[in-house]
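Note sheet for the following structure.
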Amino acid sequence: MTILVTGGTGRLGRPTVDALRAHGHTVRVLSRRPGPDHAVADLATGAGLAAALDGVETVVHLATSRSKDIGQTRMLLTAMADTGAHLVFVSIVGVDEVPFAYYRDKVASEQAIAASGIAHTIIRVTQFHGFVEELLDAQRRSPVTLVVPGVAQTVHIPEVAERLVELVETRPAGRVADFGGPELLTLREHAAQWQAARGIRRPVWSLRLPGGFARAVREGRLTSGLPGAGRVTFREYLARER
Ligand SMILES: NC(=O)c1ccc[n+]([C@@H]2O[C@H](COP(=O)([O-])OP(=O)(O)OC[C@H]3O[C@@H](n4cnc5c(N)ncnc54)[C@H](OP(=O)(O)O)[C@@H]3O)[C@@H](O)[C@H]2O)c1
């Protein structure tokens, strides 16, 4: 099958491209920059998009930009309208419950896809292990590690990539079951595991922030519940990424 992966140069995109190729698919990477097997295109302007989609049977849409997701999704939907291709879209668990502009855009993208008439599959995923690690790594030189009170159910990216291969190889299914990690951990527990794995010893302080997003994290609204589909724990991820 010939597959176009938007965001194929990103965190989730790179392992997804590798997994699709390992399963024998022909993969084209949509990127704004040239590279091996890249179709150079820009979802913000539409430049290059028609050529990128030529002959493609499935599109895995992983491209994201902080404030322009809905515009880019609409651009993709318009370009895909007459292609007959299957669109697989990754969203985020809890987007419709959390008042946050980036999440509102994700909900709008889900709705635009569902209303488009294009054969599609939508999967919501919890935060990646690496995303939480990036937030903690940014504090590596800080005398304290700050976390917000709340829980997360982080997931290993290669497991999400394998799930996307399954969805690509299955008929369009609309919204499918959420994909979450194997554990519910407080962010304080994430910080403690990260410190232990990286040989860092600092006080961990909980910072109670105002606002709807912080409240949603406190209430665990970004989690999919147990049992999660992922198997690799945050601690195992940290040991692998040493
Ligand atoms: N981070 C998390 O914990 C998490 C959790 C659940 C779901 N998700 C979702 O998973 C998806 C992938 O996230 P990620 O963290 O892997 O993304 P990422 O690493 O930030 O990568 C973003 C990608 O978007 C592409 N892109 C941005 N603007 C573009 C444009 N105008 N035209 C074409 N491509 C453009 C970039 O490609 P080039 O720079 O090569 O052009 C890049 O490959 C997103 O939808 C995200 O919301 C993330």
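No lab work stands behind these numbers, since they all come straight from the coordinates. Bear in mind that the values here come from a model prediction, so they are computed numbers and not experimental data. Cβ coordinates were reconstructed from backbone atoms using ideal geometry, including for glycine residues, and neighbour counts include every protein chain displayed.
Structure notes:
- Some residue of the stretch 86-94 being surrounded by fewer than 18 Cβ atoms within 10 Å (Cβ to Cβ) and either among the aromatic types (Phe, Trp, Tyr) or more than 10 Å from the ligand (Cβ to nearest atom) (or both): no
- Boolean, PHE179 is of a type in the set (A, V, I, L, M, F, W, C), under 30 Å from SER206 (Cβ atoms) and surrounded by fewer than 21 Cβ atoms within 10 Å (Cβ to Cβ): no
- The test for being part of a loop (DSSP other than H, G, I, E, B), more than 21 Å from the chain's Cα centre (by Cα) and polar (S, T, N, Q) holds for THR45.
- Considering the stretch 61-77, and only residues there that are more than 10 Å from the ligand (Cβ to nearest atom) and surrounded by 13 or more Cβ atoms within 10 Å (Cβ to Cβ), the residue that is farthest from PRO172 (Cα to Cα) turns out to be ILE70.
- Residues that are in contact (Cβ under 8 Å) with a residue 60 or more places away in the chain, assigned to a loop (DSSP other than H, G, I, E, B) and surrounded by 17 or more Cβ atoms within 10 Å (Cβ to Cβ) within the stretch 204-242 comprise ARG221, LEU222, THR223, SER224, GLY228, ALA229, GLY230, VAL232, listed in sequence order.
- Flag if ARG21 is part of a loop (DSSP other than H, G, I, E, B) and either over 19 Å from the mean Cα position of the chain (by Cα) or exposed (fewer than 15 other Cβ atoms within 10 Å of the Cβ) (or both): no
- Of the criteria (1) touching a residue at least 40 places away in the same chain (Cβ under 8 Å); (2) within 14 Å of the ligand (Cβ to nearest atom); (3) buried (at least 21 other Cβ atoms within 10 Å of the Cβ), which one THR58 fails: (2)
- Search result, residues across the stretch 27-46 that are exposed (fewer than 14 other Cβ atoms within 10 Å of the Cβ) and more than 9 Å from the ligand (Cβ to nearest atom): PRO34, PRO36, ASP37
- Check on ARG141, out of contact with any Ser or Thr (no Cβ under 6 Å at 6 or more places or on another chain) and over 30 Å from ALA85 (Cβ atoms): yes
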